1. List the aspartates and glutamates whose Cα sits under 17 Å from the Cα of K152, skipping any in the same chain fewer than 8 residues away.
2. What is the percent carbon and sulfur in the accessible area of region 39-206, measuring with a 1.4 Å probe over the protein chains and ignoring ligands?
3. Quote the charge dipole size of region 253-300 about the Cα centre in Debye, to the nearest 20; the model charges only the Cβ of Lys and Arg (+1) and of Asp and Glu (-1).
4. Could you calculate the FRET efficiency of S29 with S255 from 1/(1 + (r/R0)^6), where r is the beta carbon distance between them and R0 is 51 Å, rounded to 0.05?
5. Would you mind calculating the gained length between K170 and S40 on full extension (0.36 nm times residue separation, minus the Cα-Cα distance), in nm to one decimal?
6. How large, in percent, is the carbon and sulfur part of the accessible surface of region 253-300 at a probe radius of 1.4 Å?
7. Expected output is a single nm value to one decimal: the length gained when fully extending between K279 and V186, i.e. 0.36 nm times separation in residues minus the C-alpha distance. What is it?
8. On a 24 Å Cα-Cα criterion, which of the cross-link pairs K167/K279; K61/K301; K130/K266; K61/K167; K144/K276 come out too long?
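The values are calculated or read from the model by the stated rules, or taken from the named source; none is laboratory data. Computed from a prediction, not measured in an experiment: that's the story for all the values here. FYI the Cβ positions are ideal-geometry reconstructions off the backbone, even for glycines, and counts take in every protein chain you see. These accessible areas exclude ligands, DNA and RNA; they are computed on the full protein's heavy atoms, side chains included. Shrake-Rupley method; radii C 1.70, N 1.55, O 1.52, S 1.80 Å.
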Amino acid sequence: MKKNLLTLCLALALGVTAPLAVQAESTISPANVSIAPTISTATLQQLPWQPLVPPVTQDVKLTSVSPQISQGNIEGAVAAFALPADRGSMEITLSSLVTDNQLYSPSVLVLDEQMRPAAYYPASYFTYEKAGIMTSDRLQGVMKLTPALGQKQIYLLVYTTREDLAKTTKLLDPAKAYAMGVGNAVPDIPDPIAKHTPTGNLKIKATAEQGMGNVMIGLIQSAPASPPVVVGSTQTAAVAAPAPAPVKPAEPMLSETENYFNQAIKDAVKSGDVDKALKLLNEAEHLGSTSARKTFIGSVKGKG
């Protein structure tokens, strides 16, 4: 799925509210901040705001002992981050990972330096992404924030709601994902359902764009026939990578090594870690295995 990039010009911290300009680079846009949930100033000030200084990738485990908010429609554990406002445009990728068919459905409220709501990303903004070779099933959204000049930091609050706790997310069965990946017929089997929970596992990645010049505040113009112009960001042309040189087939794998990889693949599928099983499959075939793929397919079908 194409990443959703947005530019958000946060309000100037001058004691009065300055207008915000938001330009969506896809059909998914942040919701109007006027419909964001109201959180008391006292609650916001009491949260332990964790510094998040780009570039950084961080895993966050939300548990019953994590900071909690039970106010209005908000219910459950929350993650609170403080980001520097003097590094230009920041791209924030937030992922909520599926664990044991359970999932934390995130919403995000962005606050300016005075902790006033500046942008609102409801749960519907974070869409389902199926598992890949290096990634697991997740809800994910990409936010691009450009703080206005004059601020030292901005805040990002991740939470879930009572409404979202009553919902579920349909996942893609691993056997279906594998069949799609290799071009086989997709099996007619039910997809697993992930229950939404008040706790969960998040991954947040923040990057900053340096040396981009002054930050312009205002509407962003873009020509219909070309991609939207993102103020302050750099456009990089795609360069085709040279075709890889032919790789000499590996020698047949020793039976002991073959057995080791086959058992490891079975164990990974049995424990629900399809990503690990796929990695083992790729490594085994790279080393010359002739049975790892058959083992993987059989294990997935047996689990399904």
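1. Correct list for K152: D86, D112, E113, E209.
2. Details: 3760 of 7200 Å².
Result for region 39-206: 52 percent of the exposed heavy-atom area is carbon or sulfur.
3. Working: 6 positive and 7 negative charges, 34 e Å.
Computed about the Cα centre, the dipole is about 160 debye.
4. Values: r = 57 Å, r/R0 = 1.12.
E between S29 and S255, to the nearest 0.05, is 0.35.
5. Values: separation 130, 0.36 × 130 = 46.80 nm, distance 3.40 nm.
Full extension from K170 to S40 adds 43.4 nm.
6. Values: 1420 of 2700 Å².
Solvent-exposed carbon and sulfur of region 253-300 make up 53 percent of the total.
7. The span from K279 to V186 would gain 31.3 nm if fully extended.
8. Details: K167/K279 32 Å; K61/K301 31 Å; K130/K266 21 Å; K61/K167 21 Å; K144/K276 31 Å.
Over 24 Å apart, Cα to Cα: K167/K279; K61/K301; K144/K276.
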